[in-house]
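These notes are about the structure you will find just below.
The values are calculated or read from the model by the stated rules, or taken from the named source; none is laboratory data. Remember, predicted model here, so these are calculated numbers, not experimental data. Every residue, glycine as well, gets a Cβ built from its backbone with ideal geometry; the counts of neighbours run over all protein chains shown.
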There are 2 protein chains.
Amino acid sequence: MSTDAVTMEKIVSLCKRRGIVFQSSEIYGGIGATYDYGHYGVLLTNNVKAQWWKSLLQERDDVVALDSAIIQHPKTWEASGHVAGFSDPLVDCRTCKRRFREDKLEISECGEQPSKIPGQGKNCDLTEARQFNLMFKTTVGPVEETGSTVFLRPETAQGIFLNFKHYLQFARKKPPFGIAQVGKSFRNEITTENFIFRTREFEQMEMEFFVPPAQADQWYEYWKQTRYDWYIKLGIRPDHLRLRPHDPDELSHYSSGTSDVEYLFPTDWSELEGIANRGNFDLTQHAEHSKQNLEYVDTASGERYLPHVIEPAAGVGRATLAFLCDAYDEDEIDGETRTVLRLHPQLAPVKAAVLPLVKKDGQPEVAREIVTELRERMQVEYDEGGAIGRRYRRQDEIGTPWSITVDHQTLEDRTVTVRDRDSLAQERIAISDLADELERRLRAPWRSPKLDS
Amino acid sequence: MSTDAVTMEKIVSLCKRRGIVFQSSEIYGGIGATYDYGHYGVLLTNNVKAQWWKSLLQERDDVVALDSAIIQHPKTWEASGHVAGFSDPLVDCRTCKRRFREDKLEISECGEQPSKIPGQGKNCDLTEARQFNLMFKTTVGPVEETGSTVFLRPETAQGIFLNFKHYLQFARKKPPFGIAQVGKSFRNEITTENFIFRTREFEQMEMEFFVPPAQADQWYEYWKQTRYDWYIKLGIRPDHLRLRPHDPDELSHYSSGTSDVEYLFPTDWSELEGIANRGNFDLTQHAEHSKQNLEYVDTASGERYLPHVIEPAAGVGRATLAFLCDAYDEDEIDGETRTVLRLHPQLAPVKAAVLPLVKKDGQPEVAREIVTELRERMQVEYDEGGAIGRRYRRQDEIGTPWSITVDHQTLEDRTVTVRDRDSLAQERIAISDLADELERRLRAPWRSPKLDS
């Protein structure tokens with residue numbers, strides 16, 4: 001008996017209750033649109049990132065990694081167009097001195113609801129819109145007064161373009177090949193929303209895939225599908241995931257095609273990841289601003305060209321939120337409602353919990369032995385506190401796929417029960433087979449039980 | 001025939017040549033003391049971080065994880081003392097308008113060497129010293145002119161103290177327990193030095209271990225030893241690693257004891273990690289500034305206290321640099337000098353290279369099959385370009401522990417040779433046993449072959 005009764009309120013509440021994600025700097029009253037990830041949140045996001053890396057670096061030959069600096073040379077952002085164009089239209093209130101995004105006035109708060117007509121707000125006396133750049137500025141170097149103004153990167157992508165030429169040498173790569181990066185970016189958003197969906201500080205997983213110009217369209221199709229499949233493979237239900245091509249009027253001027261992977265959040269369909277066919281816009285800009293030739297030269301054919309670029313750009317926070325929403329479930333066991341995260345085992349923060357049925361008769365000691373053996377290979381948790389049913393619920397709530405119970409029979413025949421989070425089936429397994437069996441299950445293909453409910 | 005001829009120049013050169021670490025924003029002339037990590041650098045640092053997490057989260061019960069925001073509430077840095085006291089003494093030159101760290105004048109450059117005596121520089125006319133805060137400032141929120149001034153965190157530690165109280169609830173923990181965090185920190189250093197040893201943007205691996213006050217000294221001893229042992233287990237030679245207690249005049253005013261884990265870099269002994277007995281200074285400060293009670297209350301005994309804190313604070317960049325320096329080796333094979341990184345297999349960016357002896361006779365196809373099987377479990381590389389000896393050298397230089405060669409015999413009996421990076425021994429192994437055998441070797445305890453040379 002499964003319901004799909006997930007709401008954002010339930011997700012936020014679970015995240016706070018179990019220390020997955022919560023408001024940052026709370027003891028000082030918090031800081032807007034900024035969140036900290038707690039213990040299970042770190043384990044979960046580390047798994048999300050590891051799966052992204054694995055799919056690109058470990059399982060393929062044509063993608064290499066980069067970790068470029070957050071503070072790059074400021075010319076980067078002149079060349080990329082961010083200094084001139086990365087801005088929101090803002091209006092000020094002459095009365096209350098607050099500032100709003102003009103295109104989002106209806107969701108802002110300013111005493112009474114402000115009017116869109118300048119000068120006609122109920123409380124607000126609004127100015128005409130001005131452009132407000134979203135990049136955070138700071139000063140680097142020894143002389144504050146005359147030091148260089150630099151920016152916190154608003155995207156990880158540009159660090160990749162700056163290093164493109166290097167990679168032809170180091171990595172002995174030629175197009176088609178990709179450079180992938182995971183890292184923090186910063187945007188001074190005026191309107192933030194929906195928990196970790198849009199935050200001022202956020203972690204991106206971006207790749208720039210460089211291709212011969214004539215192959216751009218086919219690689220664009222390929223990466224749309226490949227990135228869509230990544231979420232499906234990690235358990236997102238297909239009826240909650242779609243590829244939505246941008247309308248012509250949504251496209252950036254340099255893009256010949258962009259599609260969003262969208263997830264059906266409890267609120268609505270929203271963007272998880274954008275896959276853009278960016279042409280050679282960025283390399284052209286950086287070649288011009290750096291006065292360097294960034295062309296690829298094929299030593300065999302003598303052909304030279306600026307590669308075109310396909311960019312799948314995902315967010316760790318959004319992906320994590322989607323995995324949480326898709327996994328969230330409630331069912332009924334013995335007349336009680338249970339909250340359970342039906343996460344893909346590879347994503348689950350904890351793979352197995354080891355629970356002595358009682359806190360005596362040698363059971364804790366055997367449970368400890370099992371923990372010692374398992375933790376060499378995976379993240380496990382030992383819990384001896386409270387009734388066994390309550391301990392199962394604690395694990396269900398954080399998505400632990402298997403709970404291993406040590407009972408009186410264990411002391412006789414060295415077997416334990418392995419309880420499955422989803423089917424609730426309990427199977428007896430010899431302790432000596434346990435680690436291999438759990439690893440086998442971890443590697444097996446997985447299908448969300450919510451698909452069958 | 002092994003030599004210990006490592007120099008910083010050789011490390012920097014190898015890092016640049018193979019794209020491990022290199023100057024950031026190079027196409028725009030670079031940006032001071034900022035580096036980008038390339039493909040092998042990302043794989044290596046990801047392994048360093050994974051080992052750190054594993055030793056604290058996976059192998060223990062008493063440490064939990066956190067990932068707090070880089071931009072925290074600005075009161076954080078008033079409470080911690082960073083706004084008032086995190087500064088270097090700087091002097092200005094009235095003639096050339098440049099600024100220097102007073103305590104490092106001898107290594108600064110200002111036309112001619114400046115004199116330490118104000119007014120007496122050969123070219124420089126120096127002012128008295130002023131304090132210059134090392135925190136990067138920026139403005140957050142919708143109103144730039146009246147927005148909040150915030151700081152990029154200069155250390156990850158304070159995010160942990162801010163969340164201490166939460167963790168007593170979420171994580172059902174009571175002292176002694178630790179909260180661990182990996183993340184970027186930023187310091188506007190005037191004097192940067194030695195490649196990635198001191199950079200303006202750097203990644204920390206910090207833990208705050210909260211203990212009952214009476215246990216502080218014993219836990220301090222415990223963590224000094226445990227952190228020292230972590231480096232040794234990962235292959236650092238004991239004669240290149242030492243624990244150095246701070247002299248009383250080096251201690252922070254709140255610390256009753258600090259020891260550095262120091263590594264013998266090619267330049268000299270330098271700090272890798274500090275382990276500090278910080279008392280309850282930070283919790284006291286945050287309790288006072290937030291007006292919240294941060295005491296731990298033992299529900300059984302009714303005892304209440306502010307825990308004392310032991311802080312092991314390591315840097316990803318420094319640890320990586322030490323692992324690289326310690327692993328760097330040159331030896332002679334068949335009359336030629338070979339460069340080899342004798343990295344612990346768990347740290348090696350690539351675990352195995354798969355090399356067909358010739359690019360025909362079905363060898364590439366079998367090699368590809370092997371790659372497909374291995375890459376489900378570990379990072380492997382396929383290379384068919386150039387003479388086999390040259391391909392081995394490329395792998396030696398990035399520290400790949402095992403090179404698997406497919407030859408004519410492979411096509412007959414489905415065996416391959418596995419060449420060991422260090423012993424150069426070649427062993428024939430059945431393809432069907434290969435993945436398990438490599439995993440077994442990866443998990444085995446490891447000892448640097450440089451210890452025996």
The lone condition residue A:108 fails out of (1) within 29 Å of residue A:151 (Cα to Cα); (2) at pLDDT 80 or above; (3) among the hydroxyl-bearing types (Ser, Thr, Tyr) is (2)
Given the structure, is residue A:61 modelled with pLDDT of 80 or more and either among the basic types (Lys, Arg) or surrounded by fewer than 18 Cβ atoms within 10 Å (Cβ to Cβ) (or both)? yes
Residue under evaluation residue B:245, criteria (1) farther than 27 Å from residue B:74 by Cβ; (2) within 14 Å of another protein chain (Cβ to nearest Cβ); (3) not hydrophobic (A, V, I, L, M, F, W, C), criterion not met: (2)
Going through B:259, B:270, B:255 one at a time, which residue ends up being among the small types (Gly, Ala, Ser) and part of a loop (DSSP other than H, G, I, E, B)? B:255
Among the residues of segment B:67-87, what is the count of those that are closer than 20 Å to residue A:27 by Cβ, more than 10 Å from chain A (Cβ to nearest Cβ) and either assigned to a loop (DSSP other than H, G, I, E, B) or in contact (Cβ under 8 Å) with a residue 40 or more places away in the chain (or both)? 5
Which residue out of B:253, B:166 is out of contact with any Leu (no Cβ under 6 Å at 6 or more places or on another chain), free of Cβ contacts under 8 Å to residues at least 24 places away in the same chain, at negative phi and within 14 Å of chain A (Cβ to nearest Cβ)? B:166
Closer than 30 Å to residue B:443 by Cβ and free of Cβ contacts under 8 Å to residues at least 40 places away in the same chain: does that describe residue A:299? no
One residue is enough: does segment A:230-246 have a residue meeting the conditions under 23 Å from residue A:81 (Cβ atoms) and of a type in the set (A, V, I, L, M, F, W, C)? no
Identify all residues within segment A:355-381 that are within 16 Å of residue A:395 (Cα to Cα), facing chain B (nearest Cβ under 10 Å) and in contact (Cβ under 8 Å) with a residue 40 or more places away in the chain; write none if there are none. A:378, A:379
Taking the stated definitions as given, is residue A:238 of a type outside the set (Lys, Arg) and at pLDDT below 95? no
Please indicate, with yes or no, whether at least one residue in segment A:96-105 is more than 30 Å from residue B:23 (Cα to Cα), at pLDDT below 55 and not in a loop (DSSP other than H, G, I, E, B). no
Restricting attention to segment B:36-66, the residues that are touching a residue at least 24 places away in the same chain (Cβ under 8 Å), in a strand (DSSP E or B), of a type outside the set (Gly, Ala, Ser) and facing chain A (nearest Cβ under 7 Å) number exactly 2
Taking segment A:186-202 as the region of interest, how many residues are at the interface with chain B (Cβ under 8 Å from one of its Cβ atoms) and not in a strand (DSSP E or B)? 3
Across segment A:274-321, which residue is nearest to residue A:175 (Cα to Cα) among those that are of a type in the set (Ser, Thr, Tyr) and more than 14 Å from every other protein chain (Cβ to nearest Cβ)? A:296
On the given criteria, is residue A:183 without any contact (Cβ under 8 Å) to a residue 40 or more places away in the chain, crowded, with 17+ Cβ neighbours inside 10 Å and within 13 Å of chain B (Cβ to nearest Cβ)? no
It is to be established whether one or more residues within segment B:356-379 are basic (Lys, Arg), modelled with pLDDT under 95 and within 25 Å of residue B:38 (Cβ to Cβ). yes
Within segment B:203-222, considering residues that are of a type in the set (Phe, Trp, Tyr) and crowded, with 21+ Cβ neighbours inside 10 Å, the one farthest from the other protein chains (Cβ to nearest Cβ): B:220
Using the structure shown, decide if residue B:90 is buried (at least 21 other Cβ atoms within 10 Å of the Cβ) and at the interface with chain A (Cβ under 9 Å from one of its Cβ atoms). no
Restricting to segment A:430-453, what's the tally of residues that are assigned to a loop (DSSP other than H, G, I, E, B) and crowded, with 17+ Cβ neighbours inside 10 Å? 2
Could you check how many residues of segment B:376-410 are crowded, with 22+ Cβ neighbours inside 10 Å, out of contact with any helix residue (DSSP H, G or I) (no Cβ under 8 Å at 6 or more places or on another chain) and either aromatic (Phe, Trp, Tyr) or in a loop (DSSP other than H, G, I, E, B) (or both)? 2
Filtering segment B:251-291 down to residues that are charged (D, E, K, R) and over 23 Å from the mean Cα position of the chain (by Cα), which residue is surrounded by the fewest Cβ atoms within 10 Å (Cβ to Cβ)? B:291
Sort through A:87, A:68 and tell me the only one that's among the hydroxyl-bearing types (Ser, Thr, Tyr), over 30 Å from residue B:292 (Cβ atoms) and at pLDDT 95 or above. A:68
Report every pair of residues separated by at least 6 positions or lying on different chains whose Cβ atoms are under 6 Å apart, first residue within segment B:316-336 and within 16 Å of residue B:37 (Cβ to Cβ), second charged (D, E, K, R). B:316/B:203
Members of segment B:114-154 found to be under 20 Å from residue B:70 (Cβ atoms), assigned to a loop (DSSP other than H, G, I, E, B) and modelled with pLDDT of 75 or more, listed by number: B:134, B:135, B:136, B:153, B:154
Do we have any residue at all in segment A:209-220 that's part of a strand (DSSP E or B) and not β-branched (Val, Ile, Thr)? yes
